[in-house]
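Here's the structure we're looking at; comments come further down.
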Amino acid sequence: MKSSHTPHSAPRSASSPNRRGARCADGSKAFAVLSWAAVFAVAALVFAMSAKDGVTLDTGSGLLSAAKAWLAETLSAAAGHAVDVSPIGHFAEYLLFGAVLANALRLHAPLRRAGVLASVAASLYGVTDEIHQIFVPLRSCDPADWAVDTAAACLGAIAVCALLARRAARTRAANNR
């Protein structure tokens with residue numbers, strides 16, 4: 001019996017259904033390019049944020065520094081003590097990274113596999129992110145940050161895959177009426 005996808009078979013186009021029936025938003029090459037551009041943009045953001053030293057992140061005048069200061073003040077006031085918001089930044093970055101990776105990878109793999117690959121790839125990128133921070137003044141390699149990165153990437157990938165699977169199921173149900 002021939003498998004549904006062999007190395008010699010023609011690759012599925014972005015508009016063709018994957019094994020679970022999910023389809024891309026518009027099936028165009030532009031959609032694929034934009035999906036991968038989002039992946040590279042988020043990866044670049046993660047790298048840029050990791051390249052900032054601790055002082056710049058804490059006392060800088062940019063939008064992200066202002067957002068970090070506001071979040072720290074708000075959470076500290078609510079908790080009644082100082083709160084380190086760095087894990088929230090890691091979580092937000094990697095939640096988005098896992099989501100955009102899963103979205104892009106679904107163009108090349110079945111949805112479930114795309115989610116797993118996105119989680120693994122984002123986790124590995126998190127390892128390189130922590131190694132990168134060894135070389136940044138006032139930053140360090142922290143396995144706890146990597147754990148947050150990995151958990152967030154998995155949640156982002158799961159969320160995208162769940163939404164896309166739900167949309168595909170609705171489409172199938174509508175087509176069967």
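Please treat every number below as a calculation from the coordinates, not as lab data. Predicted, not measured: the structure shown is a model, and the values here were computed from it. Here the Cβ is made from the backbone with ideal geometry for all residues, glycine too, and neighbour counts use every protein chain on show.
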Answer in debye to the nearest 20: the dipole magnitude of segment 29-175 about its Cα centre, from +1 Lys/Arg and -1 Asp/Glu charges placed on Cβ, is 1160 debye
Under the 7 Å Cα-to-Cβ spin-label approximation, R167 and L64 lie apart by a distance in nanometres of 2.8 nm
With the label point 7 Å along the Cα-to-beta-carbon line of A79 and a cut-off under 13 Å to each amide N, the hits in segment 85-114 are 85-89
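Could you rank the peptides 62-73, 141-152, 40-51 by their average count of other C-beta atoms within 10 Å per residue, with the highest value first?
Taking the mean over residues of other Cβ atoms within 10 Å, the ranking is 141-152, 40-51, 62-73.
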Given Cβ charges of +1 for Lys and Arg and -1 for Asp and Glu, the option among L34, V46, F135 whose Cα lies farthest towards the positive end of the dipole of segment 29-175 is L34
One point scatterer per Cα, no solvent, Debye formula: log10 I(q)/I(0) for segment 29-175 at q = 0.11, 0.12, 0.16, 0.18 Å⁻¹ comes out as -0.48, -0.56, -0.89, -1.04
Among A169, Y125, G80, the residue whose Cα sits farthest towards the positive end of the charge dipole of segment 29-175, when +1 is placed on the Cβ of each Lys and Arg and -1 on the Cβ of each Asp and Glu, is A169
